[in-house]
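Enquirer: This is the structure I have questions about; it appears just below.
The values are calculated or read from the model by the stated rules, or taken from the named source; none is laboratory data. Everything numeric in this text was worked out from a predicted model, so none of it was measured. Glycine also receives a Cβ, built like all others from the backbone with ideal geometry; neighbour counts cover every protein chain displayed. Quick note on the areas: whole protein, heavy atoms, side chains included, nothing else; ligands and nucleic acids left out. Shrake-Rupley method; radii C 1.70, N 1.55, O 1.52, S 1.80 Å.
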Amino acid sequence: MLLFVMASVSCYTMFLLKRCMDTNPRIHSYSDFGKFAFCRRGWMTTSVVLYLGCYLLATEFMILEGDNLAKLFPGFEISKPMLEGRKAFVIVSAIAIFPTVWLRGLGPLAYIAVAGDLTPILLLSAILWLAFFDGIVFHQGRKFANLKGMPTAASIYATCFSAHATFPLVYSTMKDRKKSSSMLVISFATVAVICGAMALSGYLMFGDQVKAQITLNLPPKNISSAIAIYASIATPFAKYALVVTPIVIAIEEATPLCKHRPMSLLIRTLLVVSTVIVALTFPFFGYLLALIGSSISCTVSLLLPCLFYLKITNGLKGFRAEVVLISGILGMGLCIAVSGTYISMKRIVQSL
């Protein structure tokens, strides 16, 4: 139920951004909302939030690679005792990702990213095959509801529906904007169904023992399990460079010296190395994902769209029911942001 509530609310806030763009045709990026709503400070704040989100997501990709490769190839090591298993694979993954980050043109990466978009469907198909045909079912330790986990669950769901930063670019390049409404509804419904099916499968198969990454619960020698794990591994390789590129572009625009090829390569290399260091220091995929959802995704998908709408379109002069609804979303988003961030930070500190 919470999943579909978050999907509905996030879809509604996306419609708020759409109205803002219809009101002000000069908006072409997510940062432009902050600029036209709250001037330069709004633009800077919005940009920092987006770049921080990109950086943390890139770090999550490194953790995901290390965990799943260690699942496929247990016992792998580079040198004892510091670089065994997951840590070794994080470094190996970074070495493999370096060439994609060094590319200036994003054309080749775009085709790889499209293939990466298909991996969730492949992953879900493999999981469902395991559940229905391979008989991997866990019958013990199931709780129907865990109220203490609601803030964390809401934070993770916020991450699933946080595509708001990409919407301005998509909407501004659409030939027929009349179809945008149906596109949004179909997109959010599709994501909700896929995430819901994945969550239900994990619950029915492994109960309370399901891990932050369901692939870590799967038997590695099973063919369907291997397909699911390889699908998870493919996503970071396909998306990492696209995620960090906005950060690189922002640094190069702020410092012209960094536009020169040697400096650009150095910046890109240091960026990858820094995400590796963070991934090795805080290897907690679930807690970090919840932190991203509560602190970044919740801000981008719930809080800021409401504030932008009220400021740009003078929404306070509109329908009273809509003002009440937006106020409710702001309250809900603030609760998720505060409680989710606190719980995630607390669990990360306790796990160190």
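Enquirer: Any idea what the relative contact order of the stretch 155-268 is, in percent, if you count C-alpha pairs under 8 Å spaced at least 6 apart? It would help to have the intermediate numbers written out before the result.
Expert: Details: 30 pairs, mean separation 12.5, N = 114.
RCO, the stretch 155-268: 11 percent.
Enquirer: The list (1) 20.5; (2) 23.1; (3) 21.6 gives values of Kirkwood radius over Cα pairs in Å, and only one came from this structure; which label was calculated from it?
Expert: Correct label is (3).
Enquirer: So with the 1.4 Å probe, I'd like the accessible area per residue for the chain, rounded to whole Å². Working shown, then result.
Expert: Numbers: 18120 Å² over 352 residues.
Normalised by residue count, the accessible surface of the chain is 51 Å².
Enquirer: Based on the mean of other beta carbon atoms within 10 Å per residue, what is the order of 4-17, 290-303, most packed first?
Expert: Details: 4-17: 20.2, 290-303: 26.3.
Output ranking for 4-17, 290-303: 290-303, 4-17.
Enquirer: Can you give the helix-only mean residue ellipticity at 222 nm for the chain, where every DSSP H stretch with n ≥ 4 adds -39500 (n - 2.57) and the sum goes over all residues, rounded to the nearest 500 deg cm²/dmol? The partial results should precede the final answer.
Expert: Values: 13 runs with 253 residues, N = 352.
Only helices count here, giving -24500 deg cm²/dmol.
Enquirer: Okay, moving on. log₁₀ I(q)/I(0) of the stretch 173-238 at q = 0.13 Å⁻¹, via Debye over equal Cα point scatterers, no solvent, to two decimals?
Expert: Per q value, in the given order, log10 I(q)/I(0) is -0.55.
Enquirer: Could you look at the stretch 1-55 and say what percent of its accessible area is carbon and sulfur, using a 1.4 Å probe and all protein chains?
Expert: On the way: 1920 of 2840 Å².
On the stretch 1-55, the fraction of accessible area on carbon and sulfur atoms equals 68 percent.
Enquirer: Treating only the Cβ atoms of Lys and Arg (+1) and Asp and Glu (-1) as charged, compute the dipole magnitude of the stretch 241-352 about its Cα centre; round to the nearest 20 debye. Present the calculation step by step, with values, prior to reporting the outcome.
Expert: On the way: 8 positive and 3 negative charges, 14 e Å.
Taking the Cα centre of the stretch 241-352 as origin, the dipole is about 60 debye.
Enquirer: Which percent of the accessible heavy-atom area of the stretch 181-337 goes to carbon and sulfur, probe 1.4 angstrom?
Expert: Details: 5290 of 7130 Å².
About 74 percent, which is the carbon plus sulfur part of the accessible surface.
Enquirer: While we're here: In percent, how large is the relative contact order of the chain, given Cα pairs closer than 8 Å and 6 or more residues apart? Show your work: numbers first, answer last.
Expert: On the way: 411 pairs, mean separation 117.2, N = 352.
After rounding, I find 33 percent.
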